[in-house]
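Here's the structure, in structure tokens; my notes come after.
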Amino acid sequence: INNCVGELNQKYFIQFLIYTGTACTYVIISIIVAFLRSKLDSHQRMIHTSVLLIEALLFGLFVVAVLTDQFQAICANETAIDRYLTQHSSKANKTQNKTKLKSKKLMA
């Protein structure tokens, strides 16, 4: 997913990640509140609640990792492929003539 995001749709991808992270946070809080309020007399219900909590935490961590990568790409003004090429190719460093924009302008 991360490599398919271009400059023109990066704003929408970041919005999607923020909304998804917010939904994960809401689910985690809801699960914790439901866990504290109810008596988990059923063993099956306890397992179900634990699995949901672990799944929400893992998905939330994935969203944070991808969002961090996107913000690093915006601040550095280069994609992951550009970063790979500059690290592994001396020709790319010589022929690359890219104008560097300020981070504030890129965030807009």
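Does at least one position in the stretch 10-33 carry a residue that is loosely packed, with under 11 Cβ neighbours inside 10 Å and either over 27 Å from Gln72 (Cβ atoms) or among the β-branched types (Val, Ile, Thr) (or both)?
yes
Scan the stretch 45-67 and report the pairs whose first residue is closer than 13 Å to Ala23 by Cα and of a type in the set (Val, Ile, Thr) and whose second residue is open to solvent by less than 60 Å² (accessible area, probe 1.4 Å) and assigned to a helix (DSSP H, G or I), with Cβ atoms within less than 6 Å and a gap of 6+ or a chain change.
Filtered contacts from the stretch 45-67: Val63/Leu17; Val63/Thr20; Val63/Gly21.
The values are calculated or read from the model by the stated rules, or taken from the named source; none is laboratory data. Keep in mind it's a predicted model, so treat the numbers as computed, not measured. Every residue, glycine among them, receives a Cβ derived from its backbone with ideal geometry; neighbour counts consider all protein chains shown. Quick note on the areas: whole protein, heavy atoms, side chains included, nothing else; ligands and nucleic acids left out. Shrake-Rupley method; radii C 1.70, N 1.55, O 1.52, S 1.80 Å.
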